[in-house]
1. As an exercise: evaluate GLY37 against (1) surrounded by fewer than 10 Cβ atoms within 10 Å (Cβ to Cβ); (2) modelled with pLDDT under 85 and give the number of the one condition it does not meet.
2. Can you work out which of the residues in segment 41-59 that are surrounded by 15 or more Cβ atoms within 10 Å (Cβ to Cβ) and at pLDDT below 90 is farthest from TRP30 (Cα to Cα)?
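The values are calculated or read from the model by the stated rules, or taken from the named source; none is laboratory data. Please read all numbers here as calculations on a predicted model, not as lab measurements. Cβ: placed from backbone, ideal geometry, glycine included. Neighbour counts: every protein chain shown.
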Amino acid sequence: MPNEVTDGCFVNYADVDLNDPAWNSSGVAWHDLYYKGNYPWLRRVKARWDPRDVFRHAQSIQPAGRLTGASR
């Protein structure tokens, strides 16, 4: 959880437990822990360059217009 000691999560370690509220009790969505306020912009970029969501994994950036949060 972002605080005075840490600033979020390390993006190169995909921790899919962060998708599950039972494990991520921080109250902060996984995409905010990784990308903070940049997630909406990243979703727009994803929608432009990968609109069919070909390049994806459990915590990939979802194209703008899709729901965020749960893994697939």
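1. (2)
2. So in segment 41-59, the residues surrounded by 15 or more Cβ atoms within 10 Å (Cβ to Cβ) come out as 42-43, 46-47, 56, 59.
From what is left, the residues that are at pLDDT below 90 are 56, 59.
On the way: ARG56: 15, GLN59: 8 Å.
Among those residues, the one meeting the criterion is ARG56.
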